[in-house]
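Working notes for the structure below.
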Amino acid sequence: MLNRIFLACVFLALYCACSPLSCRWMDQKFRQHSQNSLDLLDGMVNNSTNSTQDEEQSAVAFPHHLYSHVSKASAEGKLAFTVHILREISALFEDDYSSSSWQETTVENFLNVVNKQADELQSCIKGHAHMKKKHNTKLHIYFQRLSHDILKKMGHSAEAWELIRREIKVHLMKVDHLVSTVLSS
């Protein structure tokens, strides 16, 4: 009987150690980095743009359906989705943003924070199942459309980057919420 209890405790300890919830960085630092990335993004706002937001946002529909689907996924699936979003955001910001009024150091700091989040969350899910290939593809196509249908068609203008900044802010708030559901479960 004592052996069974001991084995159950060992199994539970091993299971918890492999769980994404045991990732100390996620428990302690994700929220701080998430707020930092939102603050940096807010600091990049360009108040001088006059584009019609509704007209431009309809060019690329926000992927609410992907967030809705992943909200029902496992903790590992949610974290993998979050990592993919963060990697896509980083790749998007590698485009030419020189027409924006953003300071280069602010953009670099923003990318450093986003990449740190992606790297640390990725280390939390190493060895776990990842998101379905279908959702990876749909997400990648969405970000390609942002790059092509907004940035390239609008000539990487300040207005285009402001639309992208607003879109990315929504993504960052949604992934923050998604990771919060993992932490609270």
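The values are calculated or read from the model by the stated rules, or taken from the named source; none is laboratory data. Being a predicted model, the structure only gives us computed values, none of them experimental. Every residue, glycine as well, gets a Cβ built from its backbone with ideal geometry; the counts of neighbours run over all protein chains shown. SASA here: full protein model, heavy atoms, side chains in, ligands and nucleic acids out. Shrake-Rupley method; radii C 1.70, N 1.55, O 1.52, S 1.80 Å.
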- If one puts a single equal scatterer on every Cα of the stretch 64-185 and applies the Debye formula without solvent, what log₁₀ I(q)/I(0) results at q = 0.12, 0.22 Å⁻¹? -0.45, -1.31
- Can you tell me the FRET efficiency between Asp96 and Phe62 if r is taken as the Cβ-Cβ distance and R0 is 22 Å, rounded to the nearest 0.05? 0.40
- In whole percent, how big is the carbon plus sulfur part of the accessible area of the stretch 71-185, probe 1.4 Å, protein atoms only? 50 percent
- Go through Gln117, Phe93, Val175 and say which Cα lies farthest out towards the positive end of the charge dipole of the stretch 62-185; charges sit on Cβ, +1 for Lys and Arg, -1 for Asp and Glu. Val175
- Message: On a 32 Å Cα-Cα criterion, which of the cross-link pairs Lys72/Lys153; Lys29/Lys138; Lys29/Lys153 come out too long?
- Response: Lys72/Lys153; Lys29/Lys153
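Please give the length that would be gained between Ser74 and Gln28 if that part of the chain were fully extended, namely 0.36 nm times their separation in residues minus their C-alpha to C-alpha distance (nm, one decimal). Don't skip to the end; give the middle numbers.
On the way: separation 46, 0.36 × 46 = 16.56 nm, distance 2.07 nm.
Full-extension gain reported as 14.5 nm.
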- Query: Once the piece of chain linking Asn109 and Arg166 is laid out straight, how much longer is it, given 0.36 nm per residue of separation minus the C-alpha distance between them?
  - Reply: 18.8 nm
